[in-house]
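Enquirer: Handing you this structure, nothing more for now.
No lab work stands behind these numbers, since they all come straight from the coordinates. If you're wondering where the values come from, they're calculated on a predicted model, not measured in any experiment. Cβ placement follows ideal geometry from the backbone for every residue including glycine, while neighbour counts extend to all protein chains displayed.
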Amino acid sequence: MASACLQLSGFFLSVLGWICVIISTSTSDWVILCKYSMNTCRKMDELETKGLWEQCVISTALYHCYSLNQILELPVYIQTCRALMISACILGLPAAALLLSSMPCIHLGEDSVNDKNKRSVIGGILMLIVAMFSVVSTVWFPVGAHQELRLMSFGFSLYSGWVGGALSLLGGCILTCCSIDSTPSYHQNNRYSYYSKQNPPTNQTPPTSNHAKTAQV
């Protein structure tokens, strides 16, 4: 029962973290940039937000964005973070499918506990990779943006990526450790049941036919 609760908790944490990673990838409010102080930039309407796909200028009467579609002219950190976040979003889909099929309440044909544990371990490892890609991207992007242009603060998308990476990391660890710990006990129980079938109990009551013949004589 405790193992099933841990597995369900790890599944929900991992899926929620994956959704946060998708939100972070699809939105552009990663960092807020400014060449001067915050008040000066607000007065001069030079406050900008930057993400993986576009850069926006924020002013009191205008919110203008332009796409970062010059792939060959983009800095290395943007291209690398794009690749990592897209890979994290893609890897999360088979990971969620494997984890869903390994849940105790779902049965696919004649699935054994060992098969479910294997799928759970693979899904947990994929979620750990998703978490690693998300954490690397959300740490590298603000560092690169600060070196390119003065960084003022972090945006909503960056916080979403951090939360998604942390939840995916926690869920992947729970699933991997829980599934690995339950596999040896399953083999041990199978071994004991096999020996009990092969060696039936030998303590049987002796036949009473000899006693009956002695009484007749």
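Enquirer: Can you give the alpha-carbon Rg of the range 74-122 over 2.2 N^0.38 Å, where N counts its residues?
Expert: Taking N as the residue count of the range 74-122, the ratio is 1.67.
Enquirer: Separation of the range 153-175 and the range 114-129 by C-alpha centroid, Å?
Expert: 19
Enquirer: Kindly state, to the nearest 0.05, the FRET efficiency for ILE90 paired with TYR66, given R0 = 30 Å and r defined as their beta-carbon distance.
Expert: Calculated transfer efficiency: 0.65.
Enquirer: Can you tell me the length gained on complete extension of the stretch ILE23 to TYR36, counting 0.36 nm per residue apart and subtracting the Cα distance?
Expert: 1.7 nm
Enquirer: Hey, another quick one. Work out, step by step, the length gained on full extension between VAL136 and SER112: first 0.36 nm times the residue separation, then minus their alpha carbon distance; give nm to one decimal.
Expert: So the extension gain works out to 5.0 nm.
Enquirer: Work out, in µm²/s and without decimals, the Stokes-Einstein translational diffusion coefficient of the range 39-150 at 20 °C, 1.002 mPa s, Rh from Kirkwood over C-alpha pairs.
Expert: Result for D is 125 µm²/s.
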